[in-house]
Protein chains: 2
Amino acid sequence: MSLSTVFVTGGAGYIGSHCIVELLSAGYEVIVVDNFVNSVNGPDGEAMALKRVETITGKSITFYECDLLDKSALEAIFAKHKIDCVIHFAAIKSVGESMEYPLLYYKNNLIGMLNLLEIMEQFGCYQLVFSSSCTVYGEPSFLPITEEHSVGNSITNVYGKTKYFIEEMLQDITHANKKWNIIALRYFNPLGAHPSGLMGEDPIKPFANIMPLISQVAMGRLPVLTIFGGDYNTEDGTGVRDYIHVMDLATGHVAALSLLQKSHQNYKVYNLGTGEGVSVLQLVKTFEKVTGTTIPFKIVERREGDISVMYANADLAEKELGWKSKHTLEEMCTDFWRWQTMNPHGYRNKTTKMTNGHH
Amino acid sequence: MSLSTVFVTGGAGYIGSHCIVELLSAGYEVIVVDNFVNSVNGPDGEAMALKRVETITGKSITFYECDLLDKSALEAIFAKHKIDCVIHFAAIKSVGESMEYPLLYYKNNLIGMLNLLEIMEQFGCYQLVFSSSCTVYGEPSFLPITEEHSVGNSITNVYGKTKYFIEEMLQDITHANKKWNIIALRYFNPLGAHPSGLMGEDPIKPFANIMPLISQVAMGRLPVLTIFGGDYNTEDGTGVRDYIHVMDLATGHVAALSLLQKSHQNYKVYNLGTGEGVSVLQLVKTFEKVTGTTIPFKIVERREGDISVMYANADLAEKELGWKSKHTLEEMCTDFWRWQTMNPHGYRNKTTKMTNGHH
């Protein structure tokens, strides 16, 4: 007998797919949607990442290709399945891209969320875990950042504003209607991959996160890693972030869902981070050490909108969710590299290759 | 030969309809849409307020019943007409209602704006005047409020947040694409009516602004005016606002449009206010004096989300738009009362009655 049925939006993406592994292991049923805007589909419209999840867990997943902007498609899924709760990952998430295409970001992220909330209300489904981000804090006024830190001030990019706006909406709807039972999780910087090597980050959009870029350099596909800003007021001059293993994020979502089901929260917010700041250069050095590769890099001007130092105080999640990150920076690098070398072309290879790539 | 063609959203509403009088007088063609959510339609789907505008100006108006959430209907109008610029009034605007129905407010106001921006971009139309509000300032940290005052902090209601979120979107899209030529007008508190007595405020939603409420009391339809909060730190303890005549707002929009057409602004924001703070009790006393009525009132607890004192510094609009409010508080009361007594049932009477109401 399963726990309850979770509707997962953006479930074919990086964080969503890893989270589904943990949801299935914890006994949840999942209904997954994705629009393949930033995830890989196979020849029959299947979500490649979810095939791997099925391999890892031995369970099957109900999947629909569905864009949240298509409200009637969303409604049809809620009409077909008895959905108990929702985890909303679906969003476009590139900081740089969001500055170039603000209207696209506002449209996708805000309307997607509004459609989902309306459909949930319509079907009497009030439990939601929302993917927020540490970007809602803007430039930190103190470190480590707790959930009490102000939000919405000096947010330097449109992506972060979409997350902030949605948090405000969630706060307002939960204030107006106490039936809502919502947790927003503010992720710090997700890295790593499933330890099996079968799953990982495979962005199909040109604006990539740092780990895929480091990997591309390690595999000889990019000549050099570009680091934005070497003159920050940090130990080595590069930006400092709180990198967190994607499998830790995944267990964080299961913990949040479990709390929502145990007791009514109305609206809560938790940081998901390790509490440790790591510079970009430290990340590169760790990657080189655990993988035995060399990553040539060049340091260029700071990038507009980037923040100098950002890391979490994650005590509240430990206290209330009973959750704490477990994986080290070394594991984030090892696991990502395993994924990358076993799947040099990500999910776009239908068979998993046992190769060490080009290095 | 007309100037250019202005697409007016929410043009059958209170501010929109008064503004159209001034637009037509200035020589613009107008294409108007409204969804009649808070404006009165006649038996043949006509906008009652716009019939009066045609009477006053002797010009005819192209009108469509259209909800901005219906993007394809919006697209069809842009395909049919050569639209040069847009004034976007359409929004739901009740502070109290927005706290009860936040999802409705976010959906209507944000998606309406996003759809409009997308269609404008699609048709190469980049000139926009947006109806913002002084509520974006939240609790004032100094008075009178200039455009440099911080926005987005401590906004006490969802309606105000929708205006703030849209301002942020407009700022971001104009930053990303310099073709945009946008002015946001931050209204203070609109009062009054067209001096002809043929047009005025006729809310069909139950949450009403103060002037219609005062009028209802004056006409004997409400026994007493409820004033929220008598213990503010003001001269008489009631809240202080910057009331501005709706015909002054109307000329402010014409001035903004004229500036956009004369020279590229990218993005500008202006306060539209008189610069004078007036307490609720002062407003009531002025109304009694100029109309010869008596307004019984009772003072109750402060209302959640209300601000104590708020008035504009409107110097920037005078300097850059060449605009300044002209009408006095007495005129706001006289003109509203003329409208109300000539039309005791607002636009819902097909014939204009020459009556003095019930007082």
* Structure fact -> Cα-Cα longer than 22 Å, checked against A:LYS178/B:LYS107; A:LYS107/B:LYS179; B:LYS179/B:LYS262; A:LYS107/B:LYS71; B:LYS82/B:LYS262; B:LYS71/B:LYS178, kept in input order, equals B:LYS71/B:LYS178
* Asked: What average count of beta carbons from other chains do you get within 10 Å of the Cβ of residues in B:101-111?
  -> 6
* Asked: Over its Cα atoms, what ratio of radius of gyration to 2.2 N^0.38 Å does region B:89-246 give?
  -> 1.17
* Using just the alpha carbons, could you tell me how many Å³ per residue the convex hull of region A:9-59 encloses? => 69 Å³
* **Positive-end extreme of charge dipole, the protein assembly as shown - chosen from B:GLY305, A:MET113, A:THR174 (charges on Cβ)** => A:MET113
* Tell me, what ³J(HN,Hα) does each residue in region B:86-96 have, in order and in whole Hz, if you take phi through Karplus 6.51 cos²θ - 1.76 cosθ + 1.60 with θ = phi - 60° and put x for Gly and Pro? -> 10, 10, 9, 8, 4, 5, 8, 9, 8, 4, x
* Using a 1.4 angstrom probe on the protein heavy atoms only, line up B:SER196, B:SER132 by accessible area, largest first. => B:SER196, B:SER132
* Structure fact -> Once Lys and Arg are counted +1 and Asp and Glu -1 for all other residues with Cβ under 15 Å from that of B:LEU69, the total becomes -4
* Debye equation applied to the C-alpha atoms of region A:144-199, log10 I(q)/I(0) at 0.20 Å⁻¹ -> -0.89
* Structure fact -> Buried accessible surface, B vs A, both sides, probe 1.4 Å, in Å² to 100, equals 2300 Å²
* Which value at 222 nm does chain B reach when only helices count, each DSSP H run of 4 or more adding -39,500 (n - 2.57), with the total divided by all residues and rounded to the nearest 500 deg cm²/dmol? -> -10500 deg cm²/dmol
* Structure fact -> chain A: relative contact order from alpha carbon pairs under 8 Å, six or more residues apart, as a whole percent, is 19 percent
* Structure fact -> A student asked for the Cα radius of gyration and Dmax of region A:5-342 in angstrom ought to give 19.0, 55
* Accessible surface ranking that places the most exposed of B:ARG221, B:ARG303 first, with a 1.4 angstrom probe -> B:ARG303, B:ARG221
* Put a dot 7 Å past each Cα toward the Cβ at B:SER150 and B:SER308; how far apart are the dots in nm? -> 1.7 nm
* To do: Distances from B:PHE142 to the same position in the other copies: list them in nm, one decimal, shortest first, using label points 7 Å from Cα along Cα→Cβ.
  => 2.7
* Structure fact -> Calc'd 3J(HN,Hα), region A:272-281, phi into Karplus 6.51 cos²θ - 1.76 cosθ + 1.60 (θ = phi - 60°), Hz, glycine/Pro = x, comes to 10, x, 8, x, 10, x, 10, 7, 4, 5
* **Radius ratio Rg over Rh of region B:87-172, counting only Cα atoms, Kirkwood formula for Rh** => 0.99
* When N is the residue count of region B:1-152, what does its C-alpha Rg come to as a fraction of 2.2 N^0.38 Å? -> 1.10
* Structure fact -> Heavy-atom accessible area of A:ARG338, protein chains in place, probe 1.4 angstrom, given in Å² to nearest 10, is 80 Å²
* Placed amide H near A:ILE299: partners under 5 Å, 5+ positions off or other chain -> A:ILE227
* Quick one: divide the alpha-carbon radius of gyration of region B:268-332 by 2.2 N^0.38 Å and tell me what you get. => 1.42
* Would you please report the Å³ per residue occupied by the convex hull of the alpha carbon atoms in region A:227-302? => 113 Å³
* Using the Cα atoms of region A:242-359 to build a convex hull, what is its mean projected area in square nanometres? -> 10.3 nm²
* Can you spot the aspartates and glutamates whose alpha carbon is less than 15 Å from B:LYS93's alpha carbon? Ignore those fewer than 8 places along the same chain. => B:ASP34, B:GLU201, B:ASP202, B:ASP306
* Each residue of region B:18-32 in order: what ³J(HN,Hα) in whole Hz does its phi give by Karplus 6.51 cos²θ - 1.76 cosθ + 1.60, θ = phi - 60°, with x for Gly and Pro? -> 5, 5, 5, 4, 6, 4, 5, 4, 7, x, 7, 8, 10, 10, 10
* Whose amide H sits under 5 Å from the amide H of A:LEU191, counting only residues 5 or more places off or on another chain, with H placed in the peptide plane? -> A:ILE244, A:HIS245, A:VAL246
* **Long-range HN-HN contacts of A:ILE92 with modeled amide H, under 5 Å** => A:ASN109
* **Length gained when the stretch A:GLU139-A:LYS324 is fully extended (0.36 nm per residue, less Cα-Cα span)** => 64.1 nm
* **Straight-distance crosslink candidates among lysines, where the alpha carbon sits under 22 Å from B:LYS326 and sequence neighbours closer than 8 are dropped** => B:LYS285, B:LYS289
* With contacts defined as alpha carbon pairs under 8 Å and 6 or more residues apart, what's the relative contact order of region B:40-125 in percent? -> 30 percent
* Let me see the pair-distance distribution of the protein assembly as shown: every alpha carbon pair, 20 Å bin width, integer percents in order. => 16, 45, 29, 9, 0
* Structure fact -> Simple SL model, points at 7 angstrom along Cα→Cβ for B:PHE228 and B:SER196; separation in nm is 3.4 nm
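The values are calculated or read from the model by the stated rules, or taken from the named source; none is laboratory data. Bear in mind the structure is a predicted one, so any value in this text is a computation, not a measurement. Neighbour counts run over all protein chains shown; Cβ positions are idealised from the backbone, glycine included. Ligands, DNA and RNA are excluded from the accessible area calculation, which covers all protein heavy atoms including side chains. Shrake-Rupley method; radii C 1.70, N 1.55, O 1.52, S 1.80 Å.
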